[in-house]
Amino acid sequence: MEHRQGFLGKYVFSFDHKVIGIQYIVTAILMAVIAGALAVIIRTRLAWPGVGAKAFPPEAYISFVTMHGTLMVFFVVSLALSGLANFLIPLQIGARDMAYPFLNMLSFWTVVPACLIMLASFFVTGGAAASGWTAYPPLSAVKEAVPGSGLGQTLWLLGMALFIFSFTMGGLNFLTTTLNLRTRGMTMRRMPITVWGFLVATVLAILAFPPLTAAALMLLADRHLDTSFFVTDMLMGGKYRALGDGTPLLFQHLFWFLGHPEVYVLVLPCICMTFDILPAFTRRPIFGYRPSVYAMLVIGVLSMIVWGHHMFVTGMNPYVGKYFSIATVIITAPFSILGVNLLASLWRARMRFATPMLFALAVISAVGLGGFGGLFLGTMTSDIYFHDTYFVVGHFHLMIGTVTLLSIFGATYFWFPKMFGRMMDERLGRWHFWLTAGPMITIFVLMHMQGLGGMLRRTYDPSLYPYNEHNSTLRLPITLLAFLLFLAQSIFVWNFTKSIFKGEKAPANPWEATTLEWQAPSPPPHGNFGEQLPVVHRFAYEYSPGEGQADFVPQTVEKTA
Amino acid sequence: MTADALPAPVRAQSNRVLVVALIATTAMLFTAFAAAYLERSGARGWRRLDLPGILWANTLVLALSSVAAEIARRSRARPFDAVKDRSNVASFTGKPQGIARWALPASVLLGLLFLAGQAAAWAELRAEGVFLPTSPYASFFYLLTAIHAVHVAAALLALSVALTRARILGLAVGFWHFMGIVWLYVLLILKVLG
Ligand code: HEM
Ligand SMILES: [Cu+2]
């Protein structure tokens with residue numbers, strides 16, 4: 001093991017997976033502040049349409065919505081998960097580092113310019129991209145369509161290209177490390193389920209991102225080299241523009257071929273981290289480890305063939321729609337297995353309600369609520385009504401917003417002692433929990449109501465439309481809750497920062513957990529496990545194995561005959 | 001890294017996984033282009049172009065390069081003088097003898113020749129007045145060949161590194177064969193489908 005010295009080598013261009021993991025997490029927190037501030041602006045605009053109308057015209061509104069979505073999906077949740085994967089995978093499988101530490105360092109330092117490019121795009125002429133996080137043409141393809149279609153969109157594509165490059169490099173590391181660097185005795189069936197989650201997510205990402213890369217390249221050619229893959233002749237500002245006869249819908253197919261698997265790339269590791277948190281506080285093994293793993297594999301395969309459910313209203317052949325509808329409803333079966341196993345893991349538990357556990361419990365509720373909404377969207381007939389309403393906004397925020405963020409928070413409280421050798425403050429943690437989970441779930445459930453009422457998404461001033469009158473009552477409460485939610489995050493930032501320096505010193509295994517990372521010192525030294533790598537003798541979740549035995553048995557404890 | 005923290009077999013195995021993953025992700029990229037091409041070729045106004053004949057010569061050059069790379073790989077895997085010493089059979093460290101010594105450099109040169117040939121094909125089309133935006137078919141032709149060329153360049157880089165680092169030879173050659181297969185795939189799309 002090389003031990004790189006000096007400040008630069010140790011903390012900036014470090015090869016150590018733990019340092020890189022923390023770098024990712026801190027970057028994600030910084031990006032979350034910006035993406036969250038955008039949400040606050042959006043909600044302000046929706047509650048008081050007149051306020052700031054000069055400073056933020058409709059073009060700016062849609063630009064903020066676009067960047068809020070892009071940053072949250074790719075630069076907050078994805079980066080936070082990359083960080084946790086980096087930190088956890090080698091520790092949980094008993095490796096000293098990633099298989100390719102240099103590549104790992106490179107992937108972090110590729111995503112940093114991607115972040116900067118995305119942020120810089122706010123300050124160029126025309127402002128940031130305005131075609132939604134999905135970058136649909138023609139808004140994204142015709143440079144003069146709206147102000148954000150200019151340089152802002154070009155920078156968006158550039159930033160995304162760098163992000164995909166970095167994410168793929170990271171994924172190659174996760175994959176090779178998990179498959180090849182497991183310590184002696186760590187069979188696939190003994191791996192903590194979090195590692196499984198990251199494994200399935202990684203394979204999905206490696207297979208699903210290339211079509212988006214292809215789409216982005218064709219889009220760039222349309223924008224800058226006069227091709228017409230996605231653009232067609234159209235009327236723009238009252239003038240006829242001959243742009244060729246491309247097919248805008250093709251972009252949607254390519255985008256959602258990535259887009260749908262991407263939601264599982266985000267949500268599977270989150271569900272698995274929740275699985276991993278639970279047993280430490282229920283003092284019972286998780287329920288249905290194997291069915292959960294199989295369910296994830298099935299979800300992984302199915303998730304690549306259901307993308308059309310985002311396109312029911314694009315005029316697709318009804319038989320094709322029927323197929324996508326059935327496939328989508330089928331995917332809810334393995335997904336429910338995960339949800340039910342989470343719930344069943346609580347059965348007859350002697351629960352300890354520490355902060356990570358509170359977040360884990362909230363994740364379970366969010367999985368249920370979000371999946372329930374999904375059923376109505378996956379059914380073509382009802383989706384024709386729900387499409388492009390706040391019902392969809394509520395649905396996906398429960399899934400890739402609430403499930404992910406709550407479980408990432410839970411994971412941070414849970415593994416913080418391992419990262420920094422100190423505990424986070426429990427009292428602040430509880431405040432943060434109630435002020436986060438409460439508003440978050442309420443906001444997005446209320447959005448379902450607005451969607452039932454027919455309120456359309458991506459509308460900068462809903463009061464312009466008379467049919468929307470009856471939806472106006474919920475607008476202000478949602479906005480106020482969003483403010484509360486945003487402000488509450490300062491508790492987390494304060495707790496996180498303070499605890500790094502002043503937190504109570506953490507023992508190696510503060511939660512009395514069984515997996516390998518807890519058998520290493522807190523924080524683990526360079527190389528993680530000292531002279532000898534640990535040897536694994538048992539399943540990952542041996543809690544309360546039986547009468548008269550210890551409450552929990554770490555994976556490293558030898559079986560007695 | 002001090003030479004390598006991992007035991008050699010673990011390193012070799014994870015290199016193999018790495019190349020398989022790279023191949024998978026690249027294959028998905030070209031699959032996506034093929035899907036787009038198929039979709040587009042069904043639309044109105046679709047017309048194919050006559051492709052420059054030099055593409056066939058390029059195909060031959062790429063095939064020869066693959067053969068040369070394979071010769072290089074086998075000569076390393078089973079060095080001629082190691083046949084007696086069976087313990088050495090599977091190692092990649094044996095030095096190839098005679099003509100096999102030139103197989104890998106020849107493969108790299110043929111690869112470069114392929115790229116030059118592709119550039120000539122582009123020049124020929126441009127001379128005929130066919131540019132990227134000229135027609136949907138032309139757009140796909142330039143796009144597919146260019147993306148393939150970029151990957152070929154990267155694979156050539158790996159082959160060149162293998163000139164001095166025999167450890168990665170097998171993997172570089174594996175990826176190189178894959179580039180040949182992708183080229184046949186691209187030709188199949190452009191000449192037969194749509
Ligand atoms: C229970 C299984 C699920 C079903 C049946 C389902 C179904 C759907 C359908 C049909 C849509 C399209 C709605 C429309 O645009 O009209 C949709 C949108 C969406 N879903 Fe789900 N979903 C499920 C679970 C999930 C999960 C687990 C996630 C995330 C982790 C997720 C994230 C999203 C996102 C991000 C969108 C909207 C993207 C956009 O239009 O901007 N869904 N869902
Ligand atoms: Cu979907």
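Observations on the model:
- Subset of A:54/A:239; A:418/A:502; A:54/A:143; A:143/A:239; A:18/A:418; A:10/A:418 violating a 20 Å alpha-carbon distance limit: A:54/A:239; A:54/A:143
- Max-minus-min Cα coordinates of the stretch A:44-193 on each principal axis give 64, 31, 22 Å, with the largest extent listed first.
- Size of electric dipole in the stretch A:491-561: Cβ of Lys, Arg +1 and of Asp, Glu -1, about Cα centre, debye, nearest 20: 320
- Each Cα pair under 8 Å and six or more residues apart adds its separation to the average, and for the stretch B:95-194 the resulting relative contact order is 27 percent.
- Summing charges over all other residues whose Cβ lies under 15 Å from the Cβ of residue A:358, with Lys and Arg as +1 and Asp and Glu as -1, gives +1.
- About its Cα centre, the protein assembly as shown has a charge dipole of approximately 1220 debye under the convention of +1 per Lys or Arg Cβ and -1 per Asp or Glu Cβ, with nothing else charged.
- Of the trypsin sites (Lys or Arg not before Pro) found in the stretch A:492-561, those in coil by DSSP whose Cβ has at most 15 other Cβ atoms within 10 Å are A:559.
- Ordering A:312, A:247, A:296 by the projection of their Cα atoms onto the charge dipole of the stretch A:241-323, which places +1 on the Cβ of Lys and Arg and -1 on the Cβ of Asp and Glu, puts A:296 at the extreme positive end.
- Listed by chain and number, the aspartates and glutamates whose C-alpha is less than 15 Å from the C-alpha of residue A:559, apart from same-chain residues fewer than 8 away, are A:542.
- When shorter helices are ignored and each DSSP H run of at least 4 residues is given -39500 (n - 2.57), the per-residue value for chain A at 222 nm works out to -20500 deg cm²/dmol.
- Per-residue Cβ neighbour counts within 10 Å put A:91, A:533, B:125 in the sequence A:533, B:125, A:91, beginning with the fewest.
- The listed peptides B:159-166, A:451-458, A:141-148, ordered by packing as a protection proxy, come out as A:141-148, A:451-458, B:159-166 (highest mean of other Cβ atoms within 10 Å first).
- Shielding score for A:215-226, defined as the mean number of other chain Cβ atoms within 10 Å: 3
- Within 10 Å of each Cβ in A:247-256, the average number of Cβ atoms from other chains: 2
- Distance between the C-alpha centres of the stretch A:412-469 and the stretch A:1-75: 17 Å, rounded to the whole angstrom.
- Partner aspartates and glutamates for residue A:498 [C-alpha distance under 19 Å; skip if fewer than 8 residues away on the same chain]: A:425, A:426
- In the stretch A:179-262, trypsin sites (Lys or Arg not before Pro) in a DSSP loop with at most 14 other beta-carbon atoms within 10 Å: A:184
- Cut-off under 5 Å, modelled amide H: who pairs with residue A:422 long-range: A:506
- The separation of the stretch B:170-194 from the stretch A:260-295, counted between C-alpha centres, amounts to 39 Å.
- The stretch A:269-353: trypsin sites (Lys or Arg not before Pro) falling in loop per DSSP and having at most 10 other Cβ within 10 Å: A:348, A:350
- Projecting the Cα atoms of B:34, B:149, B:62 onto the charge dipole of chain B (Cβ charges, centred on the Cα centre) puts B:62 farthest toward the positive pole.
- Centre separation in Å (Cα based) which lies between the stretch A:529-561 and the stretch B:3-56: 45
- Close amide H pairs (under 5 Å, H built 1.01 Å from N) link residue A:244 with A:233, residues at least 5 positions away or on another chain.
- Degrees between helix A:78-93 axis and first principal axis of chain A (Cα, 0 to 90, nearest 10): 20
- Within 10 Å of each Cβ in A:172-183, the average number of Cβ atoms from other chains: 4
- Sequence of A:17, A:537 once ranked by neighbouring C-beta atoms within 10 Å, starting from the fewest: A:537, A:17
Bear in mind these aren't lab numbers, they're just calculated from the coordinates by the rules spelled out. No experiment lies behind these values; they were computed from the predicted model shown. Every residue, glycine among them, receives a Cβ derived from its backbone with ideal geometry; neighbour counts consider all protein chains shown.
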